[in-house]
Structures are given as C-alpha cells and as structure tokens.
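Step one of this worksheet: look at the structure below.
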Amino acid sequence: DSEQIDRMAALVQRSDGRLRGFVAFDPRRQNGLQLVREAREKCNTGVKLYPPMGYRATGENEEQHGALWALYAYCVEHDVPILVHCSPVGFEAGAGLGVKSSPEHWDAVLTEFPGLRLCYGHAGGDVAENVDPDTGATVTYPGWLSDPSQWADPRNFSRMVAEHCASYEHVYCDFSYLTAIADDDEGRANFVANLKAALQTYDGDYALGDKLMYGSDWHMPSMAAGAGAFLDVLTDIFEDPQLHPYKDRFFHENAARFLKLGVPVNP
C-alpha cells in the first residue's frame, strides 16, 4: 500500500543510490497499477510478481488478464523492469501453486510484449517436488542442480528460462536461493555441468552469458545463515577457466544492464 511504498522510497533515498526498490503487483487488487505508478514516482525502480500467490503470468480469468496486460503495456512504455519468482515452489498460497511460476505461461506475454524487461528470479530453481496441476500427483521438477540428462525434461523450468533469455533482448535471470550448491557436491557438479552446456547452447544474438545474474534473495532466516557460503561457492565456481570469462558479467555487469545503469554488453 502507499505506506509501504513511502517506507521503501525513504530507504532508497537514504541509500545514496545503492538501493533500488521494487513494488509488488497483484492482478487481484483493484488499484494495482495505480500503486505501481505511485511507487515509480517515488523512486522505486521496478515491479515484483509472485505467481505462487495464485495467478499465472496470463491471469486466471478475464479480469486478471486485463490487469496484467495493462501492467505489461505500462512497463514496456516506460521501460520498467519486472522481477518474477520462477521456481516450482516458494511461499505458496495453496498446495501446488508454485507451478504457476512456469516460464511457459510467459510465452504469450513475451509474444505480445517482446520488449518487456523481465528477470526470472531463481532462474527456474534447483530441483523441487510439487503437485502436477494436471494429475494431482506429486512429481519432481528438474532444475539447475539436476543430472544433465534431465535438461530436456518438459518440466524443467531452468531450461525454459535459458531459452527465453536467449530469445528476447530484455529477458534476464538470477541465481538466488540455489543454496544447495554450498553443501551438495553432486548438485554443485550438476550445476556447473548444466551451466557450461547452457552457455554454449544459448550463445546467439542474446547470449545467455549476458543475461545471468547473481542474486542473494530476501534476507529471511534460511538465507541469513548461508548467504556468505553461497556467495563464496559461486565465486569459486566462476574461477573455473571455462566460466571465468563470464564472472564480471554474472556478478555485476548484467544486473547493471538489466537495471539500465549504463553498462554495455561485452563484445
């Protein structure tokens, strides 16, 4: 609401440029776009969407669809970045609602709004179990920490994220909360293998190497104790000779570009 926006704006102003605020949007709120406009006027940078609250990128009904389409049109017109939760789990408002985060729901959005500035938070996730919305059965959703043989799995959000990053100029992703790589040797090895393969596969006009970003995630208890170890492991991973050329892009250049801070694309 307006009070929260004022508090965030005050933090942004006090940070002397070090913080950039994002305002939450829910298509079920009647004044959602009005709040976005208000936040933008008070120095917030972008918009945050959270599908596990119970809605897809296209909406659950005609009213939500209209609200989201109005948001996307506004964001394209003003080049406002959107950060969206993208993993099969999360703080779900109901069982299985994390699956509504699937990048496949963004296909229609990006077709209609190819200039949308979008970041997939969590880049599709690591490995997760959740309810299949079609069958009601609990299934495994592969991700960045899965065995490379599962990369082509139709449930793999991470592969879809990489494909979108390579297909649209302003689509990015961040690797926040892939913390299992800090204490799971097999998961870390899978992550490195998947990352190397993806960087080679998606190396066209919108190369994946120019779209990947480090993310720390919200400072909740489960992150507070392990954030340092997560950063240390990622720093070490990007010392690999095959990954080192992407290190600066991953840790700061791509994020600066996503937020339009004036960093050019690497040659």
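The values are calculated or read from the model by the stated rules, or taken from the named source; none is laboratory data. Source: prediction; values computed, not measured. Because the Cβ atoms are built from the backbone with ideal geometry, glycine has one as well, and the counts that use them run over all protein chains shown. With ligands, DNA and RNA removed, areas are computed over all heavy atoms of the protein, side chains included. Shrake-Rupley method; radii C 1.70, N 1.55, O 1.52, S 1.80 Å.
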Share of carbon and sulfur in the accessible heavy-atom surface of the chain [1.4 Å probe, %]: 50 percent
Cβ-based net charge around residue 200, under 15 Å, with every Lys or Arg adding one and every Asp or Glu removing one: -1
Structure-based [θ]222 nm, the chain - -39500 (n - 2.57) summed over DSSP H runs of at least 4, per residue, nearest 500: -10500 deg cm²/dmol
Label-to-label distance, nm, for residues given as residue 63 and residue 232 (7 Å Cα→Cβ offset): 5.1 nm
Peptides 91-101, 227-237 ordered by average Cβ neighbours within 10 Å, highest first: 91-101, 227-237
Shape of segment 109-189, Cα gyration tensor, a/c cut at 1.5: oblate
Net charge over other residues, Cβ less than 10 angstrom from the Cβ of residue 259 (K, R count +1; D, E count -1): +4
Rg ratio (alpha-carbon, reference 2.2 N^0.38 Å) - the chain: 0.97
Segment residue 4-residue 43, extension gain: residue separation times 0.36 nm, minus the distance between their alpha carbons: 12.7 nm
Lysine pairs within the chain, Cα separation less than 20 Å, 8 or more sequence positions apart or different chains: 9
Label zone at residue 135, where the point sits 7 Å out along the Cα-to-Cβ direction: segment 143-157 residues whose backbone N lies under 16 Å: 153-156
Probe 1.4 Å, protein heavy atoms only - accessible area per residue of segment 155-196 in square angstrom: 35 Å²
Estimated distance in nm for a label pair at residue 201 and residue 73, the labels positioned 7 Å out from Cα along Cα-to-Cβ: 3.6 nm
Inter-site label distance for residue 16 and residue 218 at 7 Å from Cα along Cβ, in nm: 3.0 nm
